[in-house]
Amino acid sequence: MTSRSPIAPASAPESGDLPASRLDPSTATPNADWWRTATIYQIYPRSFADANGDGMGDLAGVTSRLGALQELGIDAIWLSPFYTSPQRDAGYDVADYCDVDPLFGTLADFDALVAEAHARDIRVIADLVPNHSSSEHPWFQAALAAAPDSPERARYLFREGRGEGGSEPPNNWRSHFGGPAWTRVVEADGTLGQWYLHLFDSSQPDFDWTNEEVHDEFRRILRFWLDRGLDGFRVDVASSLVKAEGLPDFTPSDDDEMPPYDGRPAVHDIFRDWRRLLDEYPGERILVAEAWIKPLVRRADWVRPDEMHQTFNDVLDVWDAAPLRDSIDGALTAFDAVGAPTAWVASNHDGVRPATALMLTRAERDGGLGPRTTGIPAYDVSLPRARGMAMLMLALPGSVYLYQGEELGLPEVTEIPDSARQDPTFFRTEGEQYGRDGCRVPIPWESAAPSYGFGPGDASWLPQPAIWRRLARDRQETDPESTLNLYRAAISLRRSLGLDRGAIEWLDGYPPEVLAFRNGDTIVLANTSTEEVPLPTGEVLLASAPIEHNVLTPDTAVWIHA
Ligand code: GLC
């Protein structure tokens, strides 16, 4: 990587004549183990940038905005799904794993994106959705048309119902989006027939990973994208591919008990197989697991040396020193034990944005926020914690994932009317939960442009709030105090100070509500208390809010050269 100045990032090369890429997968890898310390930026293609003006982001839009990400200083992007899909779960319902949905462009657009990203020294990771397909996938359509016990049905989890006439679901599992995890089909002769399992929406039938055909198909899919130059995969719902034999009922005795569709030992054989396949390719292609396994020591099984490269740590989503410290210690201990880096994350496309969430308890925000939610904090009150969390996270050793718009300090959009909602959670819970639309609103680039520069016109698949004018990237670029410039400086300093390669040591002598640690020559403090805390001596390198009178105010974090 080229060196980066903390405040004034080097201007990015214009697209057009691009230099030969150091990331060309056919050449020897310049950055072995690049992923151990990478800052990876999650792009939600629907909401990042819209080149054709239809109100839906697209791959050409992503390509056109890569310069801004290069300036931010990130090492890689992770693209949420852009595959052919009826979009019942925003693309996490895939109908063709080896093509681009026309909403997002074409395979040629994908190739252009990868080429441009590589020319800018940005690697490209994409979501892979192996737990379930779309119900419009040709395999599932063939399964519906075929008879019970046919090879077509054996790629999914079809079962007879229980009770009289099979009218009850085969077990008591619940969909993550609400309602039962089973849907009954109408057979070819018009009678009610078998049920199929879907841990998510009924349009997302689960594959049967005991079927070798499913394994072969996913090996083919992995190779398809690796051959096109993709640098890795974020594996969606990685922990649920294998279900307990017999699909037994599940009644948890406590919150931490893993259900029979999560973390089954056989799932590891799948990832060992994939790791061998990825290792055949040059350039350190990576696998990162979405596996919210508890306890953390078990999650480390996902990142043993012959399995995945990374698995996300628990989202850093509370502004409270004791649980944060536990989460940090727990992750470092668990992942160190298997030689894997920690993958820190403060937000993603499934959770309330930190600039709103960190003022609320989990119970207050789980299920999403909307117009009828009370007690939502004012933006200026809640932003400081998000800035403090960013500095805390970026001071930790390992890899960091940022979610688009986090670097702008975007809040959750709570004013989306019911009529504009899209998340299946909202519909499957009959509006009881708002779901995740509030963190998926198309992001602002230019304060004075239509759709705030998201696209060429006004169109935006979710309505954008008025506060986007104030938070647009162009405004923040010229404001030295902006959240964008805080992220730029922190990402750059993280590397130049060696925080990404370091190790932390907790410091005594601070109140319990203050997180205090040393990473190399840098002292990091994050004040989650309501009191001011005196600063130790040393040069202030970066602070999430102005430092005056040598004290750290509440909801602020600071890096000090010791
Ligand atoms: C993962 C994704 C989420 C999606 C679900 C089903 O949890 O992050 O967005 O709805 O899987 O694919």
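The values are calculated or read from the model by the stated rules, or taken from the named source; none is laboratory data. Here the structure is a predicted model, which is why all the values come from computation and not from measurement. Every residue, glycine among them, receives a Cβ derived from its backbone with ideal geometry; neighbour counts consider all protein chains shown. Note: accessible area is taken over every heavy atom of the protein model, side chains too, but ligands, DNA and RNA are not part of it. Shrake-Rupley method; radii C 1.70, N 1.55, O 1.52, S 1.80 Å.
Need one word for the range 131-280: rounded, prolate or oblate. Basis is the Cα gyration tensor (sqrt eigenvalues a ≥ b ≥ c); a/c below 1.5 gives rounded, then a/b vs b/c decides.
Verdict is oblate for the range 131-280.
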- request: Give the shape of the range 504-561 as rounded, prolate or oblate, defined through the alpha-carbon gyration tensor: a ≥ b ≥ c are the square roots of its eigenvalues, a/c under 1.5 means rounded, and otherwise the shape is prolate if a/b is larger than b/c and oblate if not.
  value: oblate
field: For the chain, size of Cβ-based charge dipole, Lys and Arg +1, Asp and Glu -1, in debye
entry: 760
- request: Considering the convex hull of the alpha carbon atoms of the range 154-199, report its projected area averaged over all viewing directions, in nm², one decimal.
  value: 3.5
statement: Loop-resident GluC sites (Glu not before Pro) in the range 133-182 with no more than 14 other Cβ atoms inside 10 Å, DSSP not H/G/I/E/B, are 160
- request: May I ask for the angle, rounded to the nearest 10°, between helix 267-279 and the longest principal axis of the chain, with both axes built from Cα atoms and the value confined to 0 to 90°?
  value: 60
statement: Taking the alpha-carbon centre of each part, the distance from the range 343-405 to the range 160-198 in Å is 37
query: How much of the accessible area of the range 504-561, probe 1.4 Å, is carbon plus sulfur, in whole percent?
result: 48
field: Crossing angle, helix 379-394 versus the chain [Cα axis fit, 0-90 degrees, rounded to tens]
entry: 90
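Checking the a/c ratio against 1.5 first, then a/b against b/c, what shape does the Cα gyration tensor give for the range 186-274?
Oblate, because a/c is 1.5 or more while a/b does not exceed b/c.
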task: For the range 263-350, run through the GluC sites (Glu not before Pro) and keep only the ones in DSSP coil with at most 16 other Cβ atoms within 10 Å of their Cβ.
output: 280
- request: At 1.4 Å probe size, with every protein chain present, just tell me what the per residue accessible area of the chain comes to in Å².
  value: 38
task: Express the carbon and sulfur contribution to the solvent-accessible surface of the range 223-267 as a percent, rounded to the nearest whole number, probe 1.4 angstrom.
output: 45
message: As I understand it, the dipole of the chain uses +1 on the Cβ of Lys and Arg and -1 on the Cβ of Asp and Glu, about the Cα centre. Which of 534, 375, 156 lies farthest toward its positive end?
response: 534
field: Loop-located trypsin sites (Lys or Arg not before Pro) in the range 338-377 whose Cβ has at most 12 other Cβ within 10 Å (DSSP)
entry: 372
task: Specify the inter-centroid distance of the range 504-531 and the range 35-56, based on alpha-carbon positions, in whole Å.
output: 34
task: Treating only the Cβ atoms of Lys and Arg (+1) and Asp and Glu (-1) as charged, compute the dipole magnitude of the range 138-197 about its Cα centre; round to the nearest 20 debye.
output: 280
- request: Compute the distribution of all C-alpha to C-alpha distances in the chain, in bins of 20 Å from 0, and list the percent of pairs in each, rounded to whole numbers.
  value: 21, 56, 21, 1, 0
